[in-house]
Amino acid sequence: MSKNTSGLIISAPPSGAGANKMRIALAILLVVALGLPVFVTSPTHLNLAILILMAAQIGVSWNIVGGYAGQVSLGHVAFYGIGAYTSAIMFSIWGINPWIAMVTGGLIAAATSLIIGWSCFRLKGHYFAMATIAVAEIIQIIFTNWDFAGAAVGLTIPMSDEGWSKMIFGGKQPYYYIALGLLLVTLLANFWIERSYLGYYFRAIKDEPDAARSLGVSLSKYKQIAFAVSSFFTAMGGSLYAQKELYIDPASVLGTGISIKMALVSILGGVGTLFGPVVGAGLLTAIEEGTRTLFGGTGRGTDLIIYAALIIAIAVYYPNGIVGYVRTYFARRKAAKQHQEGSK
């Protein structure tokens, strides 16, 4: 443990042999991820991999505000939808490059989050969570009745041209690499935040808000920063969804279930950890697609039942999530080994 200049206690990052092993493991995982499409040629299996990457990316995005800063937003789908609609409108109606539209959607979502946060951060705990749900519902109603955005019918992205400049492809492989690239960028942003003063302040706001305030940390300012950064990356995930599916409507990009899934992947994998949402996304997406394949329409809602059971089990037995449990397990093994060596 160590202290930063403001006096807040922080955890030192892994060093020495442990850090080297972690770097090697991450390098191996990256090589495997990059080479996966070469060996997985089935469009169905590759699509599953894409869905996992996309779920992980929005989970990692949510984790910035919900995990590090401890502000449980259950209306984050509003930013996901803003990103999707911005990309679809700019490309299909105005003909603007979808890569530019993706970044623009993120900036619009970040600006919107500042307006929403200004009022919602006056509330605490479950009142804040309920307020974010209300905001998301309002935005869904706006898009459902906005004729320019296709209203309830939605928008279709034309497939007149294909290629990287249009972000439209006939196969799944390019979407896989775009989803992987976006996830890596979001993880790098989280990694930087986690080890910068922002990460220390976010965790202080989450764990000891009164102590943080007494040390001069502006709670409202840093909550807004966490909210804006999280919203930016969430909107980029929504833009990718629009480009991949080539069709969006309010139900597909502004449904409350998307917000719930963002939170679930983080909580299950390990809220407030770098790779927790990635682990959670892999498990939950596999369950979601597996139940859809096994039960079809007759098993509608089965995945939600399994989600609920998993969350209850995690809350009762492993409150730090899967990654937190693994860390605790290895820490106990290391401590036991050191104790045995010391007793010899």
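The values are calculated or read from the model by the stated rules, or taken from the named source; none is laboratory data. Since the model is a prediction, treat every value here as computed from it, not as a measurement. Here the Cβ positions follow ideal geometry from the backbone for every residue, glycine too, while neighbour counts run over all protein chains shown.
Points to keep in mind about this one:
- As for the range 114-136, it holds no residue that is under 14 Å from Gly81 (Cα atoms), of a type outside the set (A, V, I, L, M, F, W, C) and part of a loop (DSSP other than H, G, I, E, B).
- Helices (runs of 4 or more DSSP H) contained entirely in the range 16-107, each with at least 2 residues that are under 20 Å from Asn190 (Cβ atoms) and either without any contact (Cβ under 8 Å) to a residue 24 or more places away in the chain or of a type in the set (S, T, N, Q) (or both): 17-39, 43-63
- Scanning the range 174-206 for residues that are crowded, with 17+ Cβ neighbours inside 10 Å and either among the polar types (S, T, N, Q) or assigned to a strand (DSSP E or B) (or both) yields a count of 2.
- Lys337 meets all of the listed conditions (1) surrounded by 13 or more Cβ atoms within 10 Å (Cβ to Cβ); (2) part of a helix (DSSP H, G or I) but one, namely (1).
- The number of residues in the range 239-286 being outside any helix (DSSP H, G or I) and among the aliphatic types (A, V, I, L, M) comes to 5.
- The condition of being surrounded by fewer than 24 Cβ atoms within 10 Å (Cβ to Cβ) and among the hydrophobic types (A, V, I, L, M, F, W, C) holds for only one of Val38, Val65, Val77, that being Val38.
- Residue in the range 167-182 that is in contact with a Ser or Thr (Cβ under 8 Å, 6 or more places away or on another chain), among the hydrophobic types (A, V, I, L, M, F, W, C) and over 18 Å from Gln57 (Cβ atoms) present: no
- Scanning the range 118-133 for residues that are closer than 27 Å to Leu53 by Cβ and not aliphatic (A, V, I, L, M) turns up at least one hit.
- Selected residue (criterion: farthest from Thr273 (Cα to Cα)) from residues of the range 156-173 that are modelled with pLDDT of 90 or more and in a loop (DSSP other than H, G, I, E, B): Ile157
- Which listed residue is buried (at least 24 other Cβ atoms within 10 Å of the Cβ) and under 27 Å from Ile168 (Cα atoms), from Phe227, Phe233: Phe233
- Top-ranked residue in the range 132-147 [being in contact (Cβ under 8 Å) with a residue 24 or more places away in the chain and farther than 16 Å from Ala235 by Cβ; ranked as surrounded by the most Cβ atoms within 10 Å (Cβ to Cβ)]: Ile133
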